[in-house]
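Asks: Take a look at the following structure, please.
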Amino acid sequence: MRKKIQIIVIVSTLVALIISVIWVRHVRNRIHDLPSIMNSGRLSVLTDSSRMGFATTGDSVYGFQYEIVKAFADSLGLELEIKEESDLNACLEEIEDGDYDIIANLIPVTTQWNHHAMFTTPLFTSRQVLVQRINNDSAHSVNITNQYQLANDSIYIQYHSPFKMRLKNLSDEIADTIHIFEMKDLSTEQLVRLVSQSKIKYTICDEQFARILKLQYSNIDISLPIGFEQQLAWVVHPKSVLLLKSLNGFLEDFIGSSAYWDIYRKYY
């Protein structure tokens, strides 16, 4: 009886190992580097739902990052497939699983995701700012004028936002708690709108994007920086070496070109 049990355990272990090996190979085979992307004829991209990522109005399709990644896809003769996704963790999972090839969001370049992703050539440098509502329509009437006043206060950000780590570090720097609330299925632009409408107190936004949003929401204040300037870039799978090389080559040539500045001026 004992021998029979041992045989069952050994067989079960071997089956589990075989299934694990098959699954790992399956996942690895789904990781698209440039040759398999070219063979498929399609470039699959994740970006957020906003004018800085991807947006639609009627029959019009637009977005800062959409236009740049579309130019990259066109340069390779590839069809562009876009999925709107604001949750960075969900984006990283889909890249790791091989479902998508590029995360075309402006993500701060840090060592936090080194094991999960590779960053492209930075698109530009910016910093995060606090977005708060101006009281009584007065430019001098705001609740927060320095970072220490955020102690024991609440800030609303996107679910799994890359800004979360900066806020945690700021909380340590001011030696007090900053309550962070992560909002599912909301873009940064939507959170800024909620601040403007007094539905939430504060959010965080990239400074360059915040300047554009202030033109639309004149009752917001964006004067208080939350962190230092950081490089912002896109992300690919850590094994997509040839894709990264091609994309970096494209960005290095494209950024600073007249075509790039036409796009930049349209959104910034």
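Each value in this text was obtained by applying a stated rule to the coordinates, not by laboratory testing. Keep in mind it's a predicted model, so treat the numbers as computed, not measured. Counting neighbours? That spans all protein chains shown, and the Cβs are built from the backbone with ideal geometry, glycine included.
Asks: Candidates (1) 18.2, 58; (2) 22.2, 84; (3) 19.9, 82; which is the computed Rg and Dmax of the Cα atoms in Å?
Replies: Label of the calculated value: (2).
Asks: If you take every DSSP beta bridge whose two residues both sit in the chain, what share of them, in percent to the nearest 5, is antiparallel? Numbers along the way, then the final one.
Replies: On the way: 21 of 36 bridges.
Around 60 percent of the beta bridges assigned by DSSP in the chain are antiparallel ones.
Asks: Less than 12 Å from a label point 7 Å out along the Cα-to-Cβ axis of residue 266: which backbone N atoms in the range 58-100 qualify, by residue?
Replies: 60-71
Asks: What is the calculated FRET efficiency for residue 152 to residue 228, with r their C-beta to C-beta distance and R₀ = 22 Å, to the nearest 0.05? Intermediate values should be presented prior to the final figure.
Replies: On the way: r = 24 Å, r/R0 = 1.08.
Efficiency, rounded to the nearest 0.05: 0.40.
Asks: Still on this structure: Run the numbers for residue 252 and residue 218: contour at 0.36 nm per residue of separation, minus the present Cα-Cα distance, in nm. Mind showing how you got there, number by number?
Replies: Details: separation 34, 0.36 × 34 = 12.24 nm, distance 3.51 nm.
Extra length from residue 252 to residue 218 when fully extended: 8.7 nm.
Asks: In what order do 240, 258 fall by count of nearby beta-carbon atoms within 10 Å, going from fewest to most?
Replies: Numbers: 240 24, 258 6.
Ranked by crowding around the Cβ, least crowded first: 258, 240.
Asks: A follow-up question, please. To the nearest Å, what is the center-to-center distance of the range 212-265 and the range 54-121, using C-alpha atoms only?
Replies: First find each Cα centre; the distance between them is then 12 Å.
Asks: Next question. Once you've got the Cα coordinates, tell me which of 214/245; 201/266; 83/266; 168/266 are over 32 Å apart.
Replies: Numbers: 214/245 36 Å; 201/266 30 Å; 83/266 22 Å; 168/266 34 Å.
Pairs exceeding the cut-off: 214/245; 168/266.
Asks: Need one number: nm distance between label points at residue 259 and residue 199, each 7 Å from Cα along Cα→Cβ, rounded to one decimal.
Replies: 3.8
Asks: In addition: Over 10 Å intervals from 0, what percent of Cα-Cα pairs in the range 128-228 sits in each interval?
Replies: 16, 54, 28, 2
Asks: Write down the percent of antiparallel bridges among all DSSP beta bridges whose residues are both part of the range 128-228, to the nearest 5.
Replies: DSSP beta bridges in the range 128-228 are roughly 60 percent antiparallel.
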